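Chemist: I have a structure I would like to understand better, so I am pasting it below and will then ask my questions one at a time.
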Amino acid sequence: MEASEQTFTVKLANQLDELENIRVILKKLLADWAIPPSVEFPLNVALEEVFTNVVKYAFTDGENHEIELRFRKFKNRLELILSDDGRPYDPTTKPEPDTTLPAKDRPVGGLGVFLVKKVMDKVEYQRVNDKNHLILTKNLEK
């Protein structure tokens, strides 16, 4: 752990209505940790996309599941780690959509992950102890 690291972890239900809680938590953390307001929009976009994908596609049993969202602030970067016990899926291996094609000619899917990769500085995936861990990194201006 880096000396200047700050962390905050929240456990969320696999329900789309948790998106509002995520927005509120993010806004409070950005203020508490003195993170530039310019990163709020890209972080909201990324979190909404990845959380929605996990809720919609990670679980096939119809049961309640817990999704962990951990925020880690370092001197010059913010990491958001979304962990779930859903089926294995590495979104970083998804090919980028051909955005030069008209929307009607593109295959369905992949645009959200593409957008997340564009608004974040780094997107990584790990499968550890039967859990998916998606690590989103945003560099902070100084």
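Chemist: Quick one: grab Rg to one decimal and Dmax as a whole number for the range 6-139, Cα atoms only, in Å.
Modeler: 15.0, 45
Chemist: Now a separate question. Provide the gained length on full extension for the span Lys75 to Asn129, in nm with one decimal, where the gain is 0.36 nm per separating residue minus the Cα-Cα distance.
Modeler: 16.5 nm
Chemist: Follow-up question, since we're still on this one. Please count, across the range 6-139, the pairs of lysine residues with Cα atoms under 13 Å apart that sit 8 or more places apart or on different chains.
Modeler: So the count of such lysine pairs works out to 6.
Chemist: If you don't mind, there's one more thing I want to ask. Step through the residues of the range 118-135 one at a time and calculate ³J(HN,Hα) from phi using the Karplus curve (6.51 cos²θ - 1.76 cosθ + 1.60, θ = phi - 60°), rounding each to whole Hz and writing x for Gly and Pro.
Modeler: Along the range 118-135, the couplings run 6, 8, 9, 7, 8, 10, 10, 10, 9, 10, 10, 6, 6, 10, 7, 10, 9, 10 Hz.
Chemist: How many nm separate the modelled label positions at Glu68 and Thr137, each set 7 Å beyond the Cα in the direction of the Cβ?
Modeler: 2.0
Quick note: the coordinates plus some simple rules give every number you see, no bench work behind them. Source: prediction; values computed, not measured. Virtual Cβ from ideal backbone geometry, glycine too; neighbours counted across all protein chains shown.
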